[in-house]
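Peer 1: I am attaching a structure below and will ask some questions about it afterwards.
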Amino acid sequence: MAVNRVDAEALLRWYQETARDLPWRRAEVSAWQILMSEIMLQQTPVVRVEPIWREWVARWPVPSAMATSSQAEVLRAWGKLGYPRRALRLHECARVLAEQHDDEVPADVEVLLGLPGVGAYTARAVACFAYGQRVPVVDTNVRRVVARAVHGRAEAGNPSSRDLPETEALLPRQIDRAAMFSAALMELGATVCTARTPDCARCPLPKCAWVAAGRPVSEVVKRTQKYEGTDRQARGRLLDVLRDASGPVERIRLDIAWTRDPGQRDRALDSLLIDGLIEQTADGLFALAGEGGQPEG
């Protein structure tokens with residue numbers, strides 16, 4: 001595949017000199033701990049993830065440690081990171097790793113893709129960042145950098161089947177340099193080539209198709225996603241009640257947690273039940289997953 005190149009030497013030199021000292025990038029971190037960080041970082045800022053990740057590493061340093069904990073314990077430890085189904089999937093993944101993979105995270109992308117909660121991005125991120133493999137790792141930041149530096153577009157647009165082969169074509173042939181290049185592309189998009197305020201004066205790339213074209217403005221009109229008053233917020237309020245309880249609670253406890261729209265509250269409650277995040281007891285009480293048989297107190 002013929003693509004405009006990204007100056008690997010310039011990018012790698014910049015990364016080695018300026019990369020953030022994120023704890024999951026350190027040499028002593030295990031593949032399991034990197035997997036945890038990747039799951040947590042999906043749609044969640046680093047500043048919110050880091051303290052929770054440190055707590056999880058101390059509490060569950062290996063998959064079997066998490067596997068012996070309950071779903072409710074993991075959900076409580078997840079706190080307010082958002083999208084709590086990720087926590088349940090990670091708990092399920094820990095059980096599979098403990099039972100079927102000798103408590104180790106596999107290095108093979110195809111095997112990783114078979115694990116609960118591990119998608120295309122996460123599988124390649126673990127293979128690259130934990131095992132140093134030459135595989136394309138494509139997130140929103142990488143797609144934005146490639147769109148600008150290679151194609152001269154302000155925005156990447158929707159994900160495409162071209163993303164992986166196109167990014168792979170940019171990787172240096174040398175394996176260890178390729179893994180660092182992937183991390184550097186991501187770092188560039190996260191800290192310099194950002195979505196709203198790209199700091200082109202700090203960009204290490206000597207050539208950028210977007211800059212050369214005069215930094216054309218994107219024609220795509222983005223909708224701002226609000227949180228206040230959404231079903232997500234309603235779900236969060238209901239989960240907060242159950243996380244703070246020590247066992248099943250009566251429905252009234254949930255009703256008073258979200259009074260602005262009873263219909264929305266019912267919809268949020270149903271979705272939490274369907275997602276397996278909470279459960280209802282035989283006598284009509286509500287609890288976090290796995291705690292339906294435990295009375296409060």
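The values are calculated or read from the model by the stated rules, or taken from the named source; none is laboratory data. Source: prediction; values computed, not measured. Backbone-built Cβ (ideal geometry, glycine too); neighbour counts: all protein chains shown. Note: accessible area is taken over every heavy atom of the protein model, side chains too, but ligands, DNA and RNA are not part of it. Shrake-Rupley method; radii C 1.70, N 1.55, O 1.52, S 1.80 Å.
Peer 1: Give Glu155, Glu104 a once-over and let me know the one that is modelled with pLDDT of 95 or more and either out of contact with any strand residue (DSSP E or B) (no Cβ under 7 Å at 6 or more places or on another chain) or of a type in the set (Ser, Thr, Tyr) (or both).
Peer 2: It is Glu104.
Peer 1: Continuing with this model, one more query. Between a residue in region 50-66 that is within 11 Å of Ile34 (Cα to Cα) and any residue that is modelled with pLDDT of 95 or more and among the polar types (S, T, N, Q), which pairs come within a Cβ distance under 6 Å, given they are 6 or more apart or on different chains?
Peer 2: Pairs that qualify, where the first residue is within 11 Å of Ile34 (Cα to Cα) and the partner is modelled with pLDDT of 95 or more and among the polar types (S, T, N, Q), are Trp53/Ser37; Val57/Gln33.
Peer 1: Mind listing whichever residues of region 195-211 are more than 29 Å from the chain's Cα centre (by Cα) and part of a loop (DSSP other than H, G, I, E, B)?
Peer 2: Pro206, Lys207
Peer 1: While we're looking at this one, here's another question. Would region 178-188 turn up any residue that is part of a loop (DSSP other than H, G, I, E, B), more than 30 Å from Asp255 (Cα to Cα) and among the acidic types (Asp, Glu)?
Peer 2: No, every residue in region 178-188 fails to be part of a loop (DSSP other than H, G, I, E, B), more than 30 Å from Asp255 (Cα to Cα) and among the acidic types (Asp, Glu).
Rundown of residues vs (1) within 19 Å of Ala190 (Cα to Cα); (2) open to solvent by less than 20 Å² (accessible area, probe 1.4 Å), yes/no style:
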{"position": "Arg20", "(1), (2)": "yes, no"}
{"position": "Ser37", "(1), (2)": "yes, yes"}
{"position": "Leu41", "(1), (2)": "yes, no"}
{"position": "Trp56", "(1), (2)": "no, yes"}
{"position": "Arg59", "(1), (2)": "no, no"}
{"position": "Gln71", "(1), (2)": "no, no"}
{"position": "Arg86", "(1), (2)": "no, no"}
{"position": "Val96", "(1), (2)": "no, yes"}
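Peer 1: Has region 132-142 got any residue that is small (Gly, Ala, Ser), open to solvent by 50 Å² or more (accessible area, probe 1.4 Å), under 20 Å from the mean Cα position of the chain (by Cα) and modelled with pLDDT of 95 or more?
Peer 2: no
Peer 1: Then there is this: Kindly evaluate Arg26 against the criterion of being surrounded by fewer than 14 Cβ atoms within 10 Å (Cβ to Cβ), out of contact with any Ser or Thr (no Cβ under 6 Å at 6 or more places or on another chain) and of a type in the set (Lys, Arg).
Peer 2: On the way: surrounded by fewer than 14 Cβ atoms within 10 Å (Cβ to Cβ): yes; out of contact with any Ser or Thr (no Cβ under 6 Å at 6 or more places or on another chain): yes; of a type in the set (Lys, Arg): yes.
Answer is yes for this residue.
Peer 1: Here are Asp231, Asp163, Asp176, Asp199: which of them is modelled with pLDDT of 95 or more and among the acidic types (Asp, Glu)?
Peer 2: Unique residue meeting the criteria: Asp199.
Peer 1: Mind checking which residues of region 1-18 are among the basic types (Lys, Arg) and either open to solvent by less than 90 Å² (accessible area, probe 1.4 Å) or part of a loop (DSSP other than H, G, I, E, B) (or both)?
Peer 2: Arg5 - this is the single residue of region 1-18 that is among the basic types (Lys, Arg) and either open to solvent by less than 90 Å² (accessible area, probe 1.4 Å) or part of a loop (DSSP other than H, G, I, E, B) (or both).
Peer 1: Return a yes/no flag: does region 165-180 have any residue that is within 24 Å of Cys93 (Cα to Cα) and either charged (D, E, K, R) or touching a residue at least 60 places away in the same chain (Cβ under 8 Å) (or both).
Peer 2: Keep residues of region 165-180 that are within 24 Å of Cys93 (Cα to Cα), which gives none.
Taking every residue of region 165-180 in turn, none turns out to be within 24 Å of Cys93 (Cα to Cα) and either charged (D, E, K, R) or touching a residue at least 60 places away in the same chain (Cβ under 8 Å) (or both).
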